[in-house]
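Read the structure below first, then the notes.
The values are calculated or read from the model by the stated rules, or taken from the named source; none is laboratory data. Keep in mind that what you see is a predicted model, and the values were worked out from it rather than measured. Heads up, the Cβs are rebuilt from the backbone with ideal geometry, glycines too, and the neighbour counts pull from every protein chain shown.
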Amino acid sequence: MKIISVVVPVYNEEDNIEHFYQAIVDVFEKLDYEFELDFVDDGSKDRSREILRELEKRDSRVQSIFLAKNSGHQLALTCGLDHAEGDAVITMDGDMQHPPELIPTLLEKWEQGYEVVQTIRKTTEGVSFFKKLTSKYYYRVLNMLSTVHIQEGGSDFRLMDKVVVKAFRRYREHARFIRGMIGAMGFKQTQIEFIAPKRFAGVSKFSPRKMLHLAVDGVMAFSILPLRISLYIGMICGLLSVVLFLHVLVSKFVFNDAVAGWATITACVLFFGGVQLTVLGIIGEYIGRIFEEVKNRPLYLVGRGKPKDLEDEND
Ligand code: UDP
Ligand code: MG
């Protein structure tokens, strides 16, 4: 029988894990597949780890990895993908917002020969108008800037064949926007749509800060257009300053009127100062990223590996 790995990053999901586990068991009971459930605990501070240990004891198909600290959803997902051993891997959230009932459809598509089955979130029930709006426009802007097309509503709920998972493991950058990376990898991909229900319990673990980081990573990882825009702004300002310089020369030597124009100068200094700082900021953002990548630090540290992998992960 084929084995399907279900990879689930969890961060403080004490009230969801048990329910989620049961839902997965129920789904696979009706299917002709074996499954392994790989939770990646992303440094939870609540009872999540205890619950996961408990589940492991009860059901050997549950294998959890505990990260040494909160490394973020994208890196926790990466850790899960690095350690999943199934013939196909399904990544999903542990809060029931990625409905387990969709798993049979994902598997059907896989059996039809698709190597990546990507889900597209049509809407999310009970999400704020603000989040919907920012998400929509974010994808618009991202696609304007990016060299690869990133589908609006793309989620990290997807099935990947083990061939794709192996290929994905070769990408080792820190700042990652997994849905964009996988979209750009090629292979035989297809999409299915779903409506995300409300979270089963608890609150979203994505703080506005984490959302913003992910959003900036998405843009910066797929585009150097912000740098190019800086260049254009620089060039336009350069042209403007030539015109202004001519104006200065004419004022001085033709009209002998050099003192007037204080307002112009002040405005120019402020304007160019602002432009320079912005452009430096953009350049700085990229340099910061180069610095992060060049350090070549491990993407995540495993506090405790899967029980069946006896060797120490951090060796
Ligand atoms: N998550 C994680 N690390 C984090 C934040 C979130 O592993 O730093 C997990 C979280 O436990 C959940 C999934 O990622 O299983 C999606 O997070 P959440 O539901 O909070 O995001 P939202 O659905 O609100 O976008
Ligand atoms: Mg959620």
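Observations on the model:
- Qualifying positions in region 82-100 - within 14 Å of ligand 2 (Cβ to nearest atom) and of a type outside the set (A, V, I, L, M): T91, D93, G94, D95, Q97, H98, P99, P100
- Listed by position, the strands (runs of 3 or more DSSP E) enclosed by region 5-91 that each have at least 3 residues that are within 15 Å of ligand 1 (Cβ to nearest atom) are 34-41, 62-67.
- Qualifying position, being among the hydrophobic types (A, V, I, L, M, F, W, C) and within 29 Å of V294 (Cβ to Cβ), among L244, L239, L212, L249: L212
- Some residue of region 279-288 being more than 30 Å from F66 (Cβ to Cβ) and not in a helix (DSSP H, G or I): no
- Any hit, region 40-53, residues being under 19 Å from K162 (Cα atoms), within 16 Å of ligand 2 (Cβ to nearest atom) and in contact with a Phe, Trp or Tyr (Cβ under 9 Å, 6 or more places away or on another chain): yes
- Residue within region 92-103 that is under 17 Å from F187 (Cα atoms) and modelled with pLDDT of 95 or more present: no
- Lone unmet requirement of (1) away from ligand 2 (no atom under 14 Å from the Cβ); (2) farther than 21 Å from V10 by Cα; (3) in a helix (DSSP H, G or I) for Q151: (3)
- The residue pairs whose first member lies in region 90-106 and is under 15 Å from R199 (Cα atoms) and touching a residue at least 24 places away in the same chain (Cβ under 8 Å), whose second member is within 13 Å of ligand 2 (Cβ to nearest atom) and assigned to a helix (DSSP H, G or I), and whose beta carbons are closer than 6 Å, counting only pairs six or more residues apart or on different chains, are G94/F20.
- Number of residues in region 170-223 that are within 16 Å of ligand 2 (Cβ to nearest atom) and modelled with pLDDT of 85 or more: the value is 13.
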